[in-house]
Every structure is written in structure tokens, then in C-alpha cells.
Amino acid sequence: MPAHVVVGTQWGDEAKAKVVDFLAESADAVVRFNGGANAGHTVAVDNDKFIFHLVPSGILRARTKCIIASGVAIELKQLCDEIDELITRKIVVGQNLLISENAHVVMPYHKALDAARNKLSSGTGTTARGIGPVYADKHAYMGIRVNDLFDKKRLLEKLRVSLKEKNVVFERIYDIPPFDPEQIAAELQPYAEKVKPFVANTSLYINRLLDDGKTVLFEGAQGTMLDIDHGTYPFVTSSHPISGGVCVGAGIGPQRLGRIIGVVKAYITRVGNGPMPTELKNATGEHIRAKGGEYGATTGRARRCGWFDCLVVKHAKRINGLTEIAITKLDVLDEIETIRICEGYLYRGQRLTEFPEQSDILNECEPIYAEFPGWQTDTTEVASFSDLPDKAKRYVSRLMEAVGCPASLVGVGPNRSQTLLAQ
Ligand code: GDP
Ligand code: IMO
Ligand code: MG
């Protein structure tokens, strides 16, 4: 079965892009199926570093088609900037990028609303990329899709309908001047022209690739704990970053899915607000942040860091039906003397071994830790899994046991070459 899925198992930033880039070497296509420019996906190749927000992370592989499917919310200027940067850096884009005609478009008023809501309440602490508002419009039948951009009359009509309500909210609640539909349509024009050659029926295209036996990799954005239904609601994002989101977001049937690879950071991070039982608000947390470069690839915010949480990843295994995991950033733990992993939570005197569904329960959970002796050896130069220090191998085995599936890859540094096959 050649449809393989890569999803985040934690709160995002698990290094999904590095795994996708690695696997894309043998993929015919890479498909983004959820989220938007809230994602920040980093790929490092030799001395070059790329950060993708909308373009799939397979784009550095010249023979791989990259597809932005209908489940993605597209911010046109951001997409055009990414395309321009890739062209400047001599990466083949022309024949290799396809964009769904049904993907929803993030409008300036979505971003303004997102930012205004962030200011008004402490809330989720979103990336302010307009993600909540654009998906809200989609589900309220008020969204504007890529295809609408090419019919000026229809575009203006849709903008007018959407802004009729929103301009009242902007003026009365947020003290923000109203948006003008004509001006928005005019500003979008050059970007619409630029993306037009890439626009296609991507569901048809992907299904044909699969019918022809081609290998298609689906690149999740965000992580399972940010899923709108299965994450730590309301501290979540507005899409489905889970394997089930592939079928909805890309328009393929579930029987197509083969490998479901959960990307698992060797510790845990979270950006934005919301519960995180194993968060380390101490020198160890700061050490991990500094060593792991844990600053948001989209907003630059410091990521909250904590010990590996087995309950989070067990939850992700169940929700996604993971067949395997890819463990990343093992090297970040290289210097730590005693490593902890959370095996349960203490909640009002009771031991919980499954991740609770309610965020308010999580706020009262105390992690129950097991301790592991650190390997205190530099692993960044290790070239094969068998050469890892025994204590590091033992840690990897414990993570596999905790999740309940085998690891296929282990990351020991940001570079493409620092990826070990865990056989
Ligand atoms: P994504 O959103 O899941 O694709 O992850 P991000 O790109 O936001 O964050 C992952 C960060 O870790 C990036 O800066 C990567 O370059 C870096 N990275 C990826 N894998 C490794 C690894 O195995 N070790 C280290 N030290 N850094 C890594
Ligand atoms: P990648 O794909 C980490 C978080 C935000 C906020 C919440 C809602 O790089 O792993 P949103 O802007 O989506 O409405 O914000 O979700 N968030 C991410 N955290 N990695 C991401 O993407 C994220 N995308 C959104 O910080 O807490
Ligand atoms: Mg990221």
C-alpha cells in the first residue's frame, strides 16, 4: 500500500519535516492535508536550512511532486513568498507543485480577527495566522476557495457577504476599521495570477497516482494533541492533524493508507497556552530549550519544554492507528545525567494511565516518573543505530515499549544526514 502518513504525536514541532524530507527521497509525491501557515517545518541539508509554512517538505527532492490539498488553508502572499524563495535558491518548483482548487483562502480579515482575539483574552495563544477564523468561515459556508479567486464577480460577492457581519464586529468590538471588499480583491489579484498555473483537482491527481502504484507521503502539520476533536480542547488548532485527517483533507479513501508514522520527540514541547503536565520550569527545561533550539519556526516564541510523556504518545497511537514511530532529537538529551519519562498521572489520589479527555483534569495531574541513567555521550556523529551508546538504545527501547510500536528512524541532529535507521 503506497499511501504513507507522517503525523505529529505530541503538541507539534516534533521534526515532522525532517522525517518527511528523509522519506521523500523514495516518494513520488508529498501532500499537505491540514492546517496552514501556522505550521513551521524545518529541513536542514548540509549548510542550507529551509523553513516551510505551506509548501510540502518534499519540495527539495527534484523528482517528487508536492501537493497542497483541499484541507489546507492557504495564505496567498505567504505561499507566493515561499515559491519565490525556492526559485531564488534554485529549487525546482514549476512542474512539481499543485494546489487544490477547493482549498480555502486565508483573508486579511481572518488574520486581523485572530490577532484581535489573542489580544482580548489570554486564550489559546494562537500563531495569529488566521487559522481559527478561516476554518470557522469554511464550516459556516462563508469561506472563499482558491477557485473563487478566478471569477472577480463571484469573489467580490463572497467578500461582501463575509464582511457584512465581520465589519460590524471589527468596528464595535475590536475598534478596527472595516475591510473593503474591492480593496481586498484588488490586492489578491497578483497573487491569484501567480498561483493559477499550479491549481488542479488534487484529489483526482492523488488518487490516480495511487491507482498507478506510486508512493504518496502525507505530511501532517501540528500534532495529535492539537487536533480540534482529539487534542486538549480548547487549546488546539482548527483542523485535524491526525491520520484520519488525511482522507478528509486530501480526498482519498481510508483503505489506501499503509504506514502511519508517528513522529515522537525524545522529550516534549508545546508553544502557546494549555495544559502540559510534564513541563519543566527549571534549569533542565532551559537546557533542553537551548540545546534543542526550541523556538517557534513560525512565531519565534520560546517553546515550553518537558519530559517525555508516555500517556500523550499512547493516546496518539490509538487516535492515529500508528504502525511505527520516528524518534527525533535524541541528541538533545546527550548531556543529561538522569532522564525522566512520565508513565502515569496522579489525579486526586488516583493513578491514571490513560490520557484524560478533559483539559481541566490535566491541570490537576501530577506526573509519575520513571528515571533513566543518561548516556552523557555526544551522539550527533553516530552513523548507525548500532553505534549508539547502550543507555541511549535502552531509552529508545523504552519509548517504543511505551507507545506500543517499533521505531523506524532515530534523529541525532537537525541535518538530513543525522537520521539513523533503527533496525
Ligand atoms: P515540525 O514542525 O514538526 O516539522 O518541526 P520544526 O521544524 O518546527 O522543529 C524541529 C526543529 O528541530 C527544527 O529546528 C529542526 O531543524 C530541528 N531538528 C530536527 N530533527 C532534529 C534532531 O534529530 N536533533 C536536533 N538537535 N534537532 C533536530
Ligand atoms: P507545526 O506543523 C506547534 C499551536 C499554537 C496555539 C494553537 C492554536 O510546525 O508542528 P493556531 O494558530 O493553529 O490557531 O494556534 O496551536 N500551533 C502549533 N504549535 N507547531 C505547530 O505547527 C503549530 N500550529 C499551531 O501555538 O497553541
Ligand atoms: Mg514546527
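The values are calculated or read from the model by the stated rules, or taken from the named source; none is laboratory data. Small disclaimer: the values here were computed from a predicted structure and weren't measured. A quick note on method: Cβ atoms are made from the backbone with ideal geometry, for glycine too, and the neighbour counts reach across all protein chains shown. Surface areas here come from the heavy atoms of the whole protein model, side chains and all, with no ligands, DNA or RNA. Shrake-Rupley method; radii C 1.70, N 1.55, O 1.52, S 1.80 Å.
Yes or no, residue by residue, for (1) under 27 Å from residue 24 (Cβ atoms); (2) in contact (Cβ under 8 Å) with a residue 12 or more places away in the chain; (3) open to solvent by 30 Å² or more (accessible area, probe 1.4 Å); (4) among the β-branched types (Val, Ile, Thr):
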site	(1), (2), (3), (4)
253	yes, no, no, no
262	yes, yes, no, no
290	no, no, yes, no
293	yes, yes, yes, no
313	yes, yes, no, yes
Practice item. Would you mind stating whether residue 228 is surrounded by 23 or more Cβ atoms within 10 Å (Cβ to Cβ) and either within 12 Å of ligand 2 (Cβ to nearest atom) or of a type in the set (A, V, I, L, M) (or both)? Key: no
Practice item. Having 3 or more residues that are in contact with a Ser or Thr (Cβ under 6 Å, 6 or more places away or on another chain) and within 16 Å of ligand 2 (Cβ to nearest atom) is the bar; report the helices (runs of 4 or more DSSP H) wholly within the range 122-205 that clear it. Key: 131-139
Practice item. Output yes when any residue across the range 41-63 is hydroxyl-bearing (Ser, Thr, Tyr), more than 16 Å from ligand 1 (Cβ to nearest atom), open to solvent by less than 10 Å² (accessible area, probe 1.4 Å) and more than 25 Å from residue 276 (Cβ to Cβ), and no when none is. Key: no
Review point. Which is closer than 27 Å to residue 61 by Cβ, within 16 Å of ligand 3 (Cβ to nearest atom) and touching a residue at least 12 places away in the same chain (Cβ under 8 Å), of 215, 224, 299?
Key: 224
**Study point:** Flag for residue 370 being without any contact (Cβ under 8 Å) to a residue 60 or more places away in the chain, away from ligand 2 (no atom under 16 Å from the Cβ) and under 22 Å from the mean Cα position of the chain (by Cα)
**Key:** no
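Each row is one residue, and each column tells you yes or no for (1) in contact with a strand residue (DSSP E or B) (Cβ under 8 Å, 6 or more places away or on another chain); (2) away from ligand 3 (no atom under 16 Å from the Cβ); (3) at pLDDT 95 or above.
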position: 16; (1), (2), (3): yes, no, yes
position: 25; (1), (2), (3): no, yes, yes
position: 32; (1), (2), (3): yes, no, yes
position: 39; (1), (2), (3): yes, no, yes
position: 57; (1), (2), (3): yes, no, yes
position: 60; (1), (2), (3): yes, yes, yes
Point to revise | Matching residues in the range 5-39 - criterion: being among the aliphatic types (A, V, I, L, M), more than 10 Å from ligand 1 (Cβ to nearest atom) and open to solvent by 10 Å² or more (accessible area, probe 1.4 Å) | key: 23
Review point. Identify, please: which residue in the range 66-112 is basic (Lys, Arg) and part of a helix (DSSP H, G or I) and is, among those, surrounded by the most Cβ atoms within 10 Å (Cβ to Cβ)?
Key: 111
Review point. For the range 23-63, which residues satisfy the criterion of being more than 14 Å from residue 215 (Cα to Cα) and not in a loop (DSSP other than H, G, I, E, B)?
Key: 32, 41, 42, 43, 44, 45, 48, 49, 50, 51, 52
Check your understanding: Does residue 248 satisfy the condition of being among the aliphatic types (A, V, I, L, M), assigned to a helix (DSSP H, G or I) and within 21 Å of residue 322 (Cβ to Cβ)?
Key -> yes
Practice item. Return yes when residue 239 is within 12 Å of ligand 2 (Cβ to nearest atom), farther than 25 Å from residue 407 by Cβ and of a type in the set (S, T, N, Q) and no when it is not. Key: yes
Check your understanding: Taking the condition within 16 Å of ligand 3 (Cβ to nearest atom), open to solvent by 20 Å² or more (accessible area, probe 1.4 Å) and either within 24 Å of residue 233 (Cβ to Cβ) or of a type in the set (Phe, Trp, Tyr) (or both), does residue 304 pass?
Key -> yes
Point to revise | Filter result for the condition that a residue is open to solvent by 20 Å² or more (accessible area, probe 1.4 Å) and closer than 25 Å to residue 21 by Cβ, over 284, 299, 328, 269 | key: 299
Exercise for review: Output the residues belonging to the range 371-387 that are over 15 Å from residue 336 (Cβ atoms) and either buried (at least 20 other Cβ atoms within 10 Å of the Cβ) or in contact with a Pro (Cβ under 9 Å, 6 or more places away or on another chain) (or both).
Suggested key: 382
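Residue by residue, here is whether (1) over 23 Å from residue 66 (Cβ atoms); (2) touching a helix residue (DSSP H, G or I) at 6+ places or on another chain (Cβ under 7 Å) holds:
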residue: 154; (1), (2): yes, yes
residue: 218; (1), (2): no, yes
residue: 229; (1), (2): yes, no
residue: 249; (1), (2): no, no
Study note, to complete from the structure: Within the range 331-342, the residues that are surrounded by fewer than 18 Cβ atoms within 10 Å (Cβ to Cβ) and in a strand (DSSP E or B) are 338
Check your understanding: Do any strands (runs of 3 or more DSSP E) lying entirely in the range 257-318 carry at least 1 residues that are more than 11 Å from ligand 2 (Cβ to nearest atom), small (Gly, Ala, Ser) and modelled with pLDDT of 95 or more, and which ones are they?
Key -> 257-265, 304-306
Review point. Quick check: anything in the range 190-202 within 16 Å of ligand 1 (Cβ to nearest atom) and of a type outside the set (Ser, Thr, Tyr)?
Key: no
